[in-house]
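Visitor: I am attaching a structure below and will ask some questions about it afterwards.
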Amino acid sequence: MASERTPTPPSSSRQSSSLSSSPMSARMQMQSLQVDSVQRWMEDLRHMTEVECMCVLQAKPIGVEEDTQQGELIVTSGIGAGDHVARNNLQTLLRRALVVSTELGKMFQRLEKGRWQRVHSTAVRANCHVRSLIHEYSAARSTPPEMQKYEKSLLEKCLELTNITERCLHTDDEFFLKSMREAIHEILTDVSDSFSNMIDMALANEIRVLIKQIESSDSVHTIGSAISNLLSLTQDGPQLCSIIAKEGAVVALFKICRQDRFRDLYAHALRTVASICCVEEGITQLDKVDGILCLADILTDDGSVEAARAEAAAVVAQITSPHHTSTQHLASFLESMHDIVTALIKLCESASCGEVFLLASAALANITFFDSMACEILLQLNAIHILLQACKDRQRVDTPYSKDQVVTILANLSVLELCAPEVLQEQGIERLLLLLGEKPSSPNPSEGAACERVQQKAAVTLARLSRDPDVAQTAIQLKAVPRLIELCRSPTERNNSDSVLVACLAALRRLAAGCPDSIEAADHQQLIKPRLVDSFLLCSNMEESFV
């Protein structure tokens, strides 16, 4: 219920949809009344009626629509019952938390602007939401003692906030309001911190309930439902993933993945593990329970279904991501690396769809970054043939994201001398030139970024491989030089990417060093002869191609 709406008098029995009646129509109905008294009534009533309206509404169960707007009053018949208690508890808790957080954010903004009436009405509304949340949660769950302390403190601070903001409505003393602004800001910060801590405790309590279901139940349905709820929670951001990891979810999920009777749940459990491992706490827990050994067992087990192996690959991709700062878990990974790499390249070869190939190739791409031994293993396993053949199969490689993983692996393999002959044998230069022409099929920014990465890495791979004279000669025969010049000179061809420009300039110079006659004089003067930085500045300032 937005504070700008005209409040309905307390005698009205309308539900929430009626509270947004037009202020203009209200004025027309009151034209016969004395304007001064009506305006005074509206000003005084604005801050008193909203609380009463909310209390009346809370006694009336109203279904929450999917498109409920942020900041509106969320009214439900309770935190949940029946088979969906845990899900309802979590979803209602998160929705309530979002609403309160939104209101507190509005208060900070309105406080800075000195809009005192809005500050007070928002404080009243936030107070009401917090009380309602605590009341409903306490009615559905036995509240832990440590959480009760936060609840009591939070309610006191919310009441204090409501009272102190009301005092600011009745004065124009700038000095007083300035001092109150500082006091309110301090109280508001305390309220925000206390509320955040209380919600974290409540979520941790709900998560413990789900983990207990996973650990103690023998029912596939019950365990699957609990895993689904955990997976849903992981989509709400890294903070929740940290809480889930700290409560022992990774440990519980790997216990499921080590029991044959729960084979049907492996894929579901591993997908949840992959989501949790976006945070360091999740990876730490995985390392403690020898999760990498379990992943290796699932990947190498011929009896494992493709879905389970694909989700195991997703976990490997997550824990080997270069974005993680901690690398302690990689020590245990090295012990199983040969088995894992072998299983992943086999999965790439046998993948039944694009998603499976993407997960397996992403894991391999990450692995090739942190250990050169992985590249040597891949060469021995005929990986270049498998990956280049996959690129011809649209059922497996159907998006720029998959191509990004393939060309990343090829770029990392290309540092090995033995790579060049295999690439030539598999007609890999032709494939690299096709990848240099990768363009997005939609205006989606993430797809555009993936295409840029494909172009950049294709150019890097070509430059590395061109140390081999046979590769350089083949690339020139296949007209790699004109394409690289086009990418350098035309910003639109490279999607205005500076990284693609640098990679193409490097590849062009590598080819020119081996075959100077392949570059025309004008291009040599501008793209080869100057320092790399000067050629870069020249090309990056070009508006359009003048080839």
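The values are calculated or read from the model by the stated rules, or taken from the named source; none is laboratory data. Since the model is a prediction, treat every value here as computed from it, not as a measurement. Using ideal geometry, Cβ is built from the backbone for each residue, glycine included, and neighbour counts are taken over all protein chains shown. Heavy atoms of the whole protein, side chains included, go into the accessibility calculation; ligands, DNA and RNA do not. Shrake-Rupley method; radii C 1.70, N 1.55, O 1.52, S 1.80 Å.
Visitor: So, Val209, is that one assigned to a helix (DSSP H, G or I), surrounded by fewer than 23 Cβ atoms within 10 Å (Cβ to Cβ) and touching a Lys or Arg at 6+ places or on another chain (Cβ under 9 Å) or not?
Guide: yes
Visitor: May I ask you to say which residue of Leu532, Leu465, Leu433, Leu478 is touching a residue at least 24 places away in the same chain (Cβ under 8 Å) and surrounded by 21 or more Cβ atoms within 10 Å (Cβ to Cβ)?
Guide: Going through Leu532, Leu465, Leu433, Leu478 in turn, the sole match is Leu465.
Visitor: I've got another one for you. Could you please let me know if Ser414 is open to solvent by less than 10 Å² (accessible area, probe 1.4 Å) and touching a Cys at 6+ places or on another chain (Cβ under 7 Å)?
Guide: Judged against the criteria, Ser414 is not a match.
Visitor: A follow-up question, please. Answer with yes or no whether Glu166 is open to solvent by 20 Å² or more (accessible area, probe 1.4 Å), at pLDDT 85 or above and part of a helix (DSSP H, G or I).
Guide: yes
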